[in-house]
Amino acid sequence: AAAAVTSIKCDLVEPVDIKILDMDLTSLDSVKRAAERFRSESSRLDILLLNAGIMSVPPGLTNEGYEIQFGTNHMGHALLAKLLVPVLLKTARLPGTDVRVVVLTSHAHNYAPESGIQFDTLKNRADGMNTVARYGQSKLANLLWGREMARHYPQLTGPLVHPGLVRTNLATTMGQGSLIMRILWWIASLVTGVDVETGTLNQLWAATYPRVESGQYYVPVGKTKNESKYAQDLGLGKKLWEWT
C-alpha cells in the first residue's frame, strides 16, 4: 500500500493527501474498526469501491465462522457499506454530488450452485461444494446484494461490474490439487486475459461516467449484459438482503 501511495504521488501534478486504511475482510471486527476510523477522520465519501476478494481457495472459515469466500467477498463488504451508509447519504445531500457505490461481481456468478445461494452452507466450510461453486456463490451474492443496495438507497448510484479476466495473482490458489484446472486457467489468462491497467477500466468507468444506471450489471467496458436466472431472481435478492 505504501508503495502504491508513493507511485500515485509521483504521477500527480498537484499534491494530494492519501491515507492507508488497514482492514481485513475476514474479520468483521476489523471492518468495524476501519469504518470507525474513517468516520472519525472524514465527513464525506463520494466513491466507495467494493472490489477486494479471494477466489477458489481451499475450504475454510472467516473469524466469525462464515464460509471463507462468502464471508470475505460478501459479508465483509456488506458490513463496510452498511457502516458507511450514513456518510454516503450525508455526502449525497450536498449540492453537485454524484455518490457511487461500485460493487465488483464476476461472470463467475454463473457458476453458483443449484438454487443460487445455498443458505445452509454459509455458516460452515461448505465442504460438499467445490471451490469454484463457492466462489460463484459469493459473486452471485455480490450481484444480488448490490442490486438490493441500489433499490434501498436510490440517493446513491450503485453499478455492478465484472472486470473481465485480469492477469493478477487472484487465482494463485485456484485448482489446488487439480492440475487440469490450473492449466486451463493459465491458458485462458494467456488467450483472453488483460493486464491490470486494462482490468481497472470497467470499475473506473462505473465510478465516474455520468450516465451509469444504478443496479445495472456491466461488463468491460460499460456494456450491459444479462445475468444468470438466479441473479435476476428478485425474491432471492430480498432473501439474501434480509439474511445478511
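Specify the residue that is nearest to residue 148 (Cα to Cα); the eligible residues are those in the stretch 95-114 that are open to solvent by 60 Å² or more (accessible area, probe 1.4 Å) and in a loop (DSSP other than H, G, I, E, B).
That would be 98.
From (1) at pLDDT 95 or above; (2) part of a helix (DSSP H, G or I); (3) open to solvent by 70 Å² or more (accessible area, probe 1.4 Å), pick out the condition that doesn't hold for residue 10.
For residue 10, the failing item is (1).
Looking at (1) crowded, with 18+ Cβ neighbours inside 10 Å; (2) modelled with pLDDT of 95 or more; (3) in a loop (DSSP other than H, G, I, E, B), which is the one condition that is false for residue 81?
All conditions are met except number (3).
If you go through the stretch 141-154 one residue at a time, do you hit one that is over 17 Å from the mean Cα position of the chain (by Cα), in a loop (DSSP other than H, G, I, E, B) and either within 14 Å of residue 73 (Cα to Cα) or modelled with pLDDT of 95 or more (or both)?
yes
Could you look through the stretch 22-45, keep only residues that are farther than 17 Å from residue 85 by Cβ and within 21 Å of the chain's Cα centre (by Cα), and pick out the one that is surrounded by the most Cβ atoms within 10 Å (Cβ to Cβ)?
Top of the filtered list is 25.
Residues being part of a loop (DSSP other than H, G, I, E, B) and either modelled with pLDDT of 95 or more or open to solvent by less than 40 Å² (accessible area, probe 1.4 Å) (or both): count how many of those fall in the stretch 212-244.
16
The values are calculated or read from the model by the stated rules, or taken from the named source; none is laboratory data. The shown structure was predicted, so the numbers you read here are calculated from the model rather than taken from an experiment. We place every Cβ from the backbone using ideal geometry, glycine too, and count neighbours over all the protein chains shown. Ligands, DNA and RNA are stripped out before the accessible areas are found, and what is left, the full protein with its side chains, is counted by its heavy atoms. Shrake-Rupley method; radii C 1.70, N 1.55, O 1.52, S 1.80 Å.
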